[in-house]
Amino acid sequence: MLQQSGTSTFAARIEKILERVEYRRADTQDEKEAIFRLRYEAYAREGTIPADPSGLFFDSGDETANAWLIGVYIDGVLASSIRLHIASRPDHWLSATEAFPDLIEPKLEEGFVILDATRQTSRLEYTRAYPFLPLLTMRCGFVAMEHFDVDLLTGSCRVEYQAAFRRMFGSVTWGRPRPYPMLSRLHVLMAYDCKAKWADTRARYPFLTSTPEERRALFGRSSNAPCDLHAELTAGRSDNLGQGKQRSATCAA
């Protein structure tokens with residue numbers, strides 16, 4: 001009972017903060033550069049990227065048609081950001097495929113719809129003021145998960161962070177630590193089985209839920225495409241989905 005009460009109190013605090021939070025898809029160059037600058041400051045502070053006089057950090061994944069660059073604003077100030085990609089076929093670009101092709105490509109070929117979350121960074125002063133800021137930021141992934149009816153939510157993280165993802169969401173680690181493009185530290189691939197875990201996650205963190213209106217506003221189009229790509233990005237979904245056939249979302253380590 002004490003644990004449930006503590007979880008409820010924590011969730012209530014975050015729901016209160018959400019009244020001051022705005023999620024914005026970055027569509028303009030200025031909005032994107034603000035996110036690239038935030039990223040650079042965060043990665044440079046951790047010593048995971050070399051110095052760059054531009055003060056910006058971006059890569060080719062920021063320019064793909066299936067990319068969503070989302071800024072999290074608190075009281076109108078950019079506090080954190082995250083990048084999301086949606087894929088259901090091997091020809092759809094994913095950050096995870098760059099570092100973990102042997103783990104991701106078989107799932108896409110099998111017909112899973114995958115949401116890959118990367119480049120999650122935050123402003124230092126907001127991280128200190130709001131220790132739960134990562135949860136507020138990751139909420140974007142769950143909004144997208146519902147919009148696209150995603151099967152697997154993946155994310156690459158540094159080795160020392162994987163325990164937190166297991167504890168918070170029941171995510172599992174796929175494979176051993178590997179080099180990750182453009183960052184100096186080893187990363188692991190974490191996977192969240194949306195169909196199996198969402199009901200429990202939603203009960204524990206009710207602030208992760210969203211309305212159809214919020215989903216359409218954020219994900220009705222990507223940061224780089226002028227039209228709705230929902231049908232295109234989920235076109236590879238297996239016909240067996242939702243028809244009672246048991247499909248494994250696990251992967252050998």
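Values in this text are rule-based calculations from the coordinates and carry no lab data. None of the values given here were measured: they were computed from a predicted structure. With ideal geometry, Cβ positions are generated from the backbone for all residues, glycine too; neighbour counts draw on all protein chains shown.
With +1 on each Lys and Arg Cβ and -1 on each Asp and Glu Cβ, how big is the dipole of region 79-173 about its Cα centre, in debye rounded to the nearest 20?
Roughly 620 debye, rounded to the nearest 20.
Given R₀ = 22 Å, what would the calculated FRET efficiency be for residue 46 paired with residue 149, taking r from the Cβ atoms and rounding to 0.05?
With a Förster radius of 22 Å, E is 0.05.
What ranking do 195-202, 71-78 get when scored by the average of other Cβ atoms within 10 Å per residue, highest first?
My ranking of the peptides, most packed first, is 71-78, 195-202.
Per residue of region 123-130, what does 6.51 cos²θ - 1.76 cosθ + 1.60 with θ = phi - 60° give for ³J(HN,Hα)? Whole Hz please, x for Gly and Pro, Karplus curve as stated.
6, 4, 5, 7, 4, 6, 6, 10
Taking square-rooted eigenvalues a ≥ b ≥ c of the alpha carbon gyration tensor, is region 1-145 rounded, prolate or oblate, where a/c under 1.5 means rounded and, failing that, a/b exceeding b/c means prolate?
Verdict is oblate for region 1-145.
I want the antiparallel fraction of DSSP beta bridges within the chain, as a percent rounded to 5.
90 percent
Find, among the trypsin sites (Lys or Arg not before Pro) in region 79-180, those assigned to loop by DSSP (not H, G, I, E, B) with at most 13 other beta-carbon atoms within 10 angstrom.
Filter output for region 79-180: empty list.
Amide H of residue 222 versus every other amide H placed in the peptide plane: which residues, excluding those fewer than 5 positions away on the same chain, fall under 5 Å?
227, 229
Normalising by the residue count of the chain, find the relative contact order in percent from Cα pairs under 8 Å and 6+ residues apart.
About 22 percent, as a whole number.
Between residue 63 and residue 102, with labels modelled 7 Å along Cα→Cβ, what's the label distance in nm to one decimal, could you check?
Spacing of the two 7 Å Cα→Cβ label points: 3.1 nm.
Give, in nm to one decimal, the length gained when the segment between residue 124 and residue 230 is fully stretched (0.36 nm per residue of separation minus the Cα-Cα distance).
Result: 34.7 nm gained on full extension.
With +1 assigned to the C-beta of every Lys and Arg and -1 to the C-beta of every Asp and Glu, and no other charges, what is the dipole magnitude of the chain about the Cα centre in debye, to the nearest 20?
Roughly 900 debye for the chain.
Quick one: which residues, 5+ away or cross-chain, put their amide H under 5 Å from the amide H of residue 180? H built at 1.01 Å from N.
Counting only residues 5 or more places away or on other chains, the set is 187.
Taking a point 7 angstrom from the Cα of residue 238 along the C-beta vector, which residues in region 141-160 have backbone N less than 14 Å away?
Within reach of a label on residue 238, which here means backbone N under 14 Å from a point 7 Å along Cα→Cβ, region 141-160 contributes 151-152.
In region 2-233, if the dipole is taken from +1 on Lys/Arg beta carbons and -1 on Asp/Glu beta carbons about the Cα centre, which of 95, 28, 38 is farthest to the positive end?
After comparing all options, I get 38.
Among 48-60, 182-194, how do they line up from the highest to the lowest mean number of other beta-carbon atoms within 10 Å?
Put in order of decreasing packing, that is 182-194, 48-60.
If you take the charge dipole of region 2-233 about its Cα centre, with +1 on Lys and Arg Cβ and -1 on Asp and Glu Cβ, which of 130, 65, 208 is farthest toward its positive end?
Result: 130, furthest along the dipole toward the positive end.
Can you bin the chain into rounded, prolate or oblate? Criterion: square roots of the alpha carbon gyration tensor eigenvalues sorted a ≥ b ≥ c, rounded for a/c under 1.5, prolate for a/b above b/c, oblate for the rest.
Judged from the Cα gyration tensor, the chain comes out rounded (a/c under 1.5).
Charges on Cβ only, +1 for Lys and Arg, -1 for Asp and Glu, centred on the Cα centroid of the chain; of 154, 168, 179, which one is farthest towards the dipole's positive end?
Selected residue: 168.
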